[in-house]
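Input: a single structure, listed below in structure tokens.
The values are calculated or read from the model by the stated rules, or taken from the named source; none is laboratory data. All of these numbers come straight from a predicted model, not from anything done at the bench. Cβ placement follows ideal geometry from the backbone for every residue including glycine, while neighbour counts extend to all protein chains displayed.
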Amino acid sequence: MTRSTIELTPTVEDRRIARHAAAAIVLTVAEAAIPLPLPGVKPGLANIVTLVVLARWGWREAVWVSLLRVFAGSLLLGQFLAPGFFLSLSGAIASLLVLGLAMHLPKRWFGPVSHSILAAFAHIGAQLVVARVWLVPHDGVFYLVPVFAAAAVLFGVVNGLVAGRLLQELAIEEAATGSAERESECVVKPPN
Amino acid sequence: MIRIPADWRALLRPGDWLVIAAGLVLCVYSGIGFWTAGAPDGVIVRAGGKVFAEADLSRARRIEVPGPLGTTLVEIEPGRARVAADPGPRQYCVRQGWLDRAGAVAICAPNQVSLILTGRGADYDSLNY
């Protein structure tokens, strides 16, 4: 066999992104097993990972993790390029854009819960637009807006709290072990 | 009110409460906006193509509409209206029952009487049979 002339050396950052994306994909697949009363209302547990990555490693990595999760998650669930895939992709892109803005809100006042709720609203907003324009070209889709909005608040708060708790415990763990032992290879930590 | 344990509550910063409140307001607002849009607010009764009566749907009343075959009886109740009786042979407009969506129409063609509910956000402009 000819030796490949192309050698890809994953950087520390690549490994970190892959690890976080893997966690997000696991949550996506696990969530798909939960029976839900209404199509489109999902807890979006994978977004917890996005929120944690956003707070710890910045927006660029959150984008990588979130989009990798959408692509790999849909491949695993057999949804790739199906309507559901485009709905999650549009939702993910919109939430990432909103998160990019929301992360600059004063940290003293706005925490992961705010980020989570705002992202959830961006998510349903983009999905509704895609659904209205492409999948259900009728204003009837808007009949479900109040339900989606309620779900966005509820799951936004829950996901935000879980992300906040994880961040808190990661910070405690880091403080206890001096420098982050578990993530010792990640030397370049963005200043907070 | 749901009791949140203190260690979880500590994760909520002041602005977070604000965002939660804004989210809930949006829920209620969209609920009002999207779920009451089809509610009718008035009724127009036509006879022989001309407007015979216009009424709001706030209180119950009955309107007797004369036509070529006889009298069509329109009944109005808060939020809905129907043709209660009609001299027409097939009774289509009577059997349609109560109309309660904006834009809904009952037409008693033989007696040349029609009933239409008006309102914001009607589902359709007109109906053809």
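Taking the condition small (G, A, S), at pLDDT 90 or above and within 30 Å of A:G156 (Cα to Cα), does B:G23 pass?
Answer is yes for this residue.
Strands (runs of 3 or more DSSP E) wholly in the stretch B:8-98 with at least 2 residues that are in contact (Cβ under 8 Å) with a residue 60 or more places away in the chain - which ones?
Strands (runs of 3 or more DSSP E) meeting the threshold: B:42-47.
When the stretch A:65-105 is examined, which residues are found to be within 14 Å of another protein chain (Cβ to nearest Cβ) and either free of Cβ contacts under 8 Å to residues at least 24 places away in the same chain or outside any helix (DSSP H, G or I) (or both)?
Hits for the stretch A:65-105 are A:L101, A:A102, A:M103, A:H104, A:L105.
Of all the residues that make up the stretch A:33-64, how many are in a loop (DSSP other than H, G, I, E, B) and within 12 Å of the chain's Cα centre (by Cα)?
Counting residues in the stretch A:33-64 that are in a loop (DSSP other than H, G, I, E, B) and within 12 Å of the chain's Cα centre (by Cα) gives 3.
Considering the stretch B:72-92 alone, what residues qualify as being among the β-branched types (V, I, T) and either over 17 Å from B:P110 (Cα atoms) or modelled with pLDDT under 90 (or both)?
If the condition is that a residue be among the β-branched types (V, I, T) and either over 17 Å from B:P110 (Cα atoms) or modelled with pLDDT under 90 (or both), then B:I76 is the only one that fits.
Please count how many residues of the stretch A:4-33 are more than 24 Å from A:L75 (Cα to Cα) and either touching a helix residue (DSSP H, G or I) at 6+ places or on another chain (Cβ under 8 Å) or of a type in the set (D, E) (or both).
1
Of the residues A:R165, A:R108, only one is facing another protein chain (nearest Cβ under 9 Å), under 19 Å from the mean Cα position of the chain (by Cα) and either surrounded by fewer than 20 Cβ atoms within 10 Å (Cβ to Cβ) or modelled with pLDDT of 95 or more (or both); which?
Sole residue among the options that is facing another protein chain (nearest Cβ under 9 Å), under 19 Å from the mean Cα position of the chain (by Cα) and either surrounded by fewer than 20 Cβ atoms within 10 Å (Cβ to Cβ) or modelled with pLDDT of 95 or more (or both): A:R165.
Within the stretch A:10-32, does at least one residue satisfy the condition of being free of Cβ contacts under 8 Å to residues at least 24 places away in the same chain, more than 27 Å from A:G100 (Cα to Cα) and more than 18 Å from the chain's Cα centre (by Cα)?
No, that holds for no residue.
Check off (1) more than 10 Å from every other protein chain (Cβ to nearest Cβ); (2) modelled with pLDDT under 90 for A:L144 and give me the number that stays unchecked.
(1)
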